[in-house]
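A quick write-up on the structure given underneath.
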Ligand code: MN
């Protein structure tokens, strides 16, 4: 069977004089784990560059069967109508604009979308929701959702709504997932529902209330998981992309 083409958004890194290579250049890149996980799940990964032109987003997505919004830098508070409450929480506005254009183009084409970490938060913001700028500082009683030393080995439980797309994919009402984020969904956007939460109530998964096409966001990193739940999420996304490819 032909592999569906999965368009993946990329990260940007500004010029950095401390870097050995390309020190005064902006980089666009994606962490390898995500790329290989999509290939393992049966997709053909295609990195979508930020062309700094929102009008080109629909074109660059043109040959894809699905969109994966990857993890990375913070969403800029201005993107959901707030000022950053700390200077270092200003976020990555250029990336927001690039990924919002991709997401709108994908939704207009009823293309399956999976948002991972930042990608889940971007889906919420695109639909009109807001974020906590920093969970540890702003949510009393929040569990640790990020630890620079533990990084991808930090984990917590999630409780899953069995009557949801995610619940059907995972076939369980709880899981342990990795947790590497310091922002989180504050106001859930209209048109979305929370289908998994951490024990402290923080939203760990969202999906469209009306699934016109596959639209799922997860706060954890399925590409780093070793528990089978992770591959199930990527597998379901790739399966939705196969289906769309066959309908085209
Ligand atoms: Mn978490």
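Of all residues in segment 190-208, those satisfying the criterion of being touching a helix residue (DSSP H, G or I) at 6+ places or on another chain (Cβ under 7 Å) and either away from the ligand (no atom under 11 Å from the Cβ) or more than 16 Å from residue 122 (Cβ to Cβ) (or both) are 192, 195, 196, 202, 206, 207.
Of 27, 44, all but one fail to be surrounded by 11 or more Cβ atoms within 10 Å (Cβ to Cβ), in contact with a strand residue (DSSP E or B) (Cβ under 9 Å, 6 or more places away or on another chain) and touching a residue at least 24 places away in the same chain (Cβ under 8 Å); the exception is 44. Scanning segment 124-154 for residues that are over 30 Å from residue 210 (Cα atoms) and in contact with a strand residue (DSSP E or B) (Cβ under 6 Å, 6 or more places away or on another chain) turns up 138, 143, 152. Among the residues of segment 47-80, those identified as surrounded by 21 or more Cβ atoms within 10 Å (Cβ to Cβ) and part of a strand (DSSP E or B) are 48, 66, 67, 68, 69.
Only one of 168, 248, 175 is closer than 20 Å to residue 106 by Cα and more than 17 Å from the chain's Cα centre (by Cα); which?
Working: 168 fails: closer than 20 Å to residue 106 by Cα; 175 fails: closer than 20 Å to residue 106 by Cα.
Only one candidate qualifies: 248.
Applying the condition of being within 14 Å of the ligand (Cβ to nearest atom) and out of contact with any strand residue (DSSP E or B) (no Cβ under 7 Å at 6 or more places or on another chain) to segment 157-189 and asking which residue is farthest from residue 70 (Cα to Cα) yields 182.
Yes or no, residue by residue, for (1) more than 14 Å from the ligand (Cβ to nearest atom); (2) modelled with pLDDT of 95 or more; (3) under 19 Å from residue 195 (Cβ atoms); (4) not in a loop (DSSP other than H, G, I, E, B):
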| site | (1), (2), (3), (4) |
| --- | --- |
| 115 | yes, yes, yes, yes |
| 124 | yes, yes, yes, yes |
| 137 | yes, no, no, yes |
| 142 | no, no, no, no |
| 147 | no, no, no, no |
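Against the conditions (1) more than 25 Å from residue 39 (Cβ to Cβ); (2) more than 16 Å from the ligand (Cβ to nearest atom), residue 63 satisfies every one except (1).
Summed over segment 184-201, the residues that are within 22 Å of residue 72 (Cα to Cα) and buried (at least 23 other Cβ atoms within 10 Å of the Cβ) give a count of 3. For segment 135-152, a residue qualifies if it is out of contact with any helix residue (DSSP H, G or I) (no Cβ under 6 Å at 6 or more places or on another chain) and surrounded by 11 or more Cβ atoms within 10 Å (Cβ to Cβ), and the qualifying residues are 135, 136, 137, 138, 139, 143, 144, 146, 147, 150, 151.
State which residue is modelled with the highest pLDDT when the search covers only segment 1-15 and only residues that are part of a loop (DSSP other than H, G, I, E, B) and either under 15 Å from the mean Cα position of the chain (by Cα) or surrounded by fewer than 14 Cβ atoms within 10 Å (Cβ to Cβ) (or both). So the residue we want is 10.
The values are calculated or read from the model by the stated rules, or taken from the named source; none is laboratory data. A quick note: this is a predicted structure, and the numbers were derived from the prediction, not measured. FYI the Cβ positions are ideal-geometry reconstructions off the backbone, even for glycines, and counts take in every protein chain you see.
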